[in-house]
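Report on the following structure.
The values are calculated or read from the model by the stated rules, or taken from the named source; none is laboratory data. Computed from a prediction, not measured in an experiment: that's the story for all the values here. Note that we place each Cβ from the backbone using ideal geometry, even for glycine, and neighbour counts take in every protein chain shown. Quick note on the areas: whole protein, heavy atoms, side chains included, nothing else; ligands and nucleic acids left out. Shrake-Rupley method; radii C 1.70, N 1.55, O 1.52, S 1.80 Å.
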Amino acid sequence: MKKLLSTILISALWQVSIAQNQANMYLSGEFNSWETNPMTYRGLGTPSWICSLQYTGTTGDNGFKFRDSQNNWDHNWGAGTGFTYSSKVTFYSGGTNGTINMTQNKYYVFIF
């Protein structure tokens with residue numbers, strides 16, 4: 001059985017001091033009842049994080065944000081817009097949710 005993988009490329013703008021010192025990032029959205037999916041720090045010259053998940057909900061649009069704390073929403077980043085796969089989108093500190101259309105039982109990779 002083949003498993004399809006969709007990639008979402010996301011760029012973020014925030015204060016350099018936060019980016020350089022931030023080892024933990026989380027993905028939260030409608031697809032996980034706004035709980036936290038931990039992201040893996042890649043630190044490949046430019047700080048970046050990656051998270052993959054299988055979407056098991058009903059096919060449709062899902063809002064989501066990135067955040068740097070599992071316990072609170074003090075520092076979060078949102079795109080404030082819908083976007084398509086493999087697109088580069090800027091997320092803003094404190095911005096409103098980004099939205100992506102997800103298909104039930106497919107796998108997704110988020111790179112922030």
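Checking Val109, Val89 one by one, the residue that is of a type in the set (Val, Ile, Thr), farther than 15 Å from Gly29 by Cα and in contact (Cβ under 8 Å) with a residue 60 or more places away in the chain is Val89 and no other.
Close contacts from the stretch 32-58, counting a first residue that is without any contact (Cβ under 8 Å) to a residue 24 or more places away in the chain and under 17 Å from Ile111 (Cβ atoms) and a second that is in a loop (DSSP other than H, G, I, E, B) and not small (Gly, Ala, Ser), with Cβ to Cβ under 9 Å and a gap of 6+ residues or different chains, come to Tyr41/Gln22; Tyr41/Asn24; Tyr41/Pro47. Condition check for Thr84 on (1) over 16 Å from Trp34 (Cα atoms); (2) in a strand (DSSP E or B): one failure, at (2).
Every residue, every condition in (1) open to solvent by less than 30 Å² (accessible area, probe 1.4 Å); (2) at pLDDT below 90; (3) touching a helix residue (DSSP H, G or I) at 6+ places or on another chain (Cβ under 9 Å); (4) on the phi > 0 side of the Ramachandran plot, yes or no:
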site	(1), (2), (3), (4)
Leu4	no, yes, no, no
Trp14	no, yes, no, no
Ala23	no, yes, no, no
Glu30	no, no, no, no
Met39	yes, no, no, no
Leu44	no, yes, no, no
Pro47	no, yes, yes, no
Thr56	no, no, yes, no
Ala79	yes, yes, no, no
